[in-house]
Amino acid sequence: MALVSLSNGWKASAGKLTSKLSEKVEDFLRKHAGADLFIVTGCTGVGKSSFIKSITGEDVYVGSTLKSGTTATSLVPVVVGNRRCLFMDVPGFNTRDFHDWDVFQRLMTGMSVVQPYVQFRGVLYVDSMENNRGTPAAEKILNWLFYFCGKDFMPNVTVITTRWDGLNADGIEDKISLFKQWKEDRLFKALFGNGAKVYHHGLIKEGSGFSTLHIERQSERRRSLAQNMIMSCYCGLTSLQLQIYVEIANGCPLERTSAGRWLRDGHAGNTRSASPTRMTLPKSSRSMALDISTVRTVMMMTMMQLQDGEPSSQNS
């Protein structure tokens with residue numbers, strides 16, 4: 001899926017995109033105009049869609065997606081407290097089927113579509129804490145997250161840990177210890193040291209210990225606690241802006257943004273935010289050129305079946 005050129009900033013790209021939207025899609029976006037948008041991201045298979053289903057009570061529907069092949073960027077609305085929210089479920093990074101740059105493009109296309117209608121309120125980074133954090137792939141995505149958000153936006157970032165259900169007392173203790181180790185890693189320090197928060201989804205404190213909530217039998221309590229987290233961490237207004245939002249608004253092409261440079265070249269160049277770490281990554285052999293030739297096709301597919309009720313995969 002090709003991304004519309006963002007070289008002229010959000011306003012120009014949004015104009016090109018919205019002119020291609022169907023009436024049904026525009027009705028959906030207008031209905032949710034003014035909503036707080038939460039971008040849910042992370043590596044593939046960590047439970048992003050399952051978290052969204054848990055917090056909203058709804059499946060992620062093909063009818064609210066920007067779809068190409070087997071991946072989709074989905075929007076799921078829900079009222080949390082008295083606030084209207086949209087959760088954007090983006091394809092996972094580190095997948096065998098697509099290069100990380102393709103995933104990044106899909107995310108940015110989705111942001112371009114909704115940008116005129118919503119406020120980018122927060123980023124939820126989902127991690128199942130099941131992989132070795134020392135791998136180059138894991139380092140690359142955590143660095144991308146830092147450059148995508150920027151140091152100043154970190155108070156609006158929450159790390160969501162998943163896959164607690166089914167663990168016994170020893171398993172819970174081991175995973176908590178592992179998280180404490182990860183929190184001291186320089187990659188996570190760049191997040192938490194600048195105000196990012198953590199939420200252990202499905203884990204609760206009981207007395208001097210912890211227990212887990214069953215993903216199905218205790219789904220209502222899981223939903224209630226997750227929504228309480230949103231109300232607590234994202235109460236009130238914010239003036240903080242995503243670093244990539246500011247870069248695009250100032251006319252920076254996607255491939256020259258800090259996050260774009262990192263994914264493509266393995267470094268972010270001169271940026272406002274200090275780099276949490278440095279690593280050398282090979283350039284992709286695939287073309288990184290931004291092509292608007294297929295935007296019309298993409299946007300005609302964009303949520304064409306909005307709210308038609310066809311469920312998509314919950315494994316992203």
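Each peptide in 203-210, 120-127 gets a packing score, the mean of other Cβ atoms within 10 Å over its residues, and the list from highest to lowest is 120-127, 203-210. Overall shape: prolate for the range 95-169, with the ratio a/c of the largest to smallest alpha carbon gyration tensor axis at 1.5 or above and a/b above b/c. Put in line by how crowded their Cβ is, counting other Cβ atoms within 10 Å and starting with the fewest, 141, 215 read 215, 141.
Averaged over residues, the count of other Cβ atoms within 10 Å places the peptides 235-241, 110-116 in the sequence 110-116, 235-241, highest first. Take the Cα of residue 235, step 7 Å toward its Cβ, do the same at residue 221, and the gap between the two points is 2.3 nm. What does the C-alpha gyration tensor say about the overall shape of the range 212-261? Classify as rounded when a/c is under 1.5, otherwise prolate if a/b is larger than b/c, or oblate. Oblate shape, in that a/c is at least 1.5 and b/c is the bigger or equal ratio. Per-residue packing, averaged as other Cβ atoms within 10 Å, sorts the ranges 154-166, 23-35 into the order 154-166, 23-35, beginning with the highest.
Rule-based calculations on the coordinates, nothing more; no lab input. No experiment lies behind these values; they were computed from the predicted model shown. All Cβ positions, glycine included, derive from the backbone under ideal geometry; neighbour counts span all protein chains shown.
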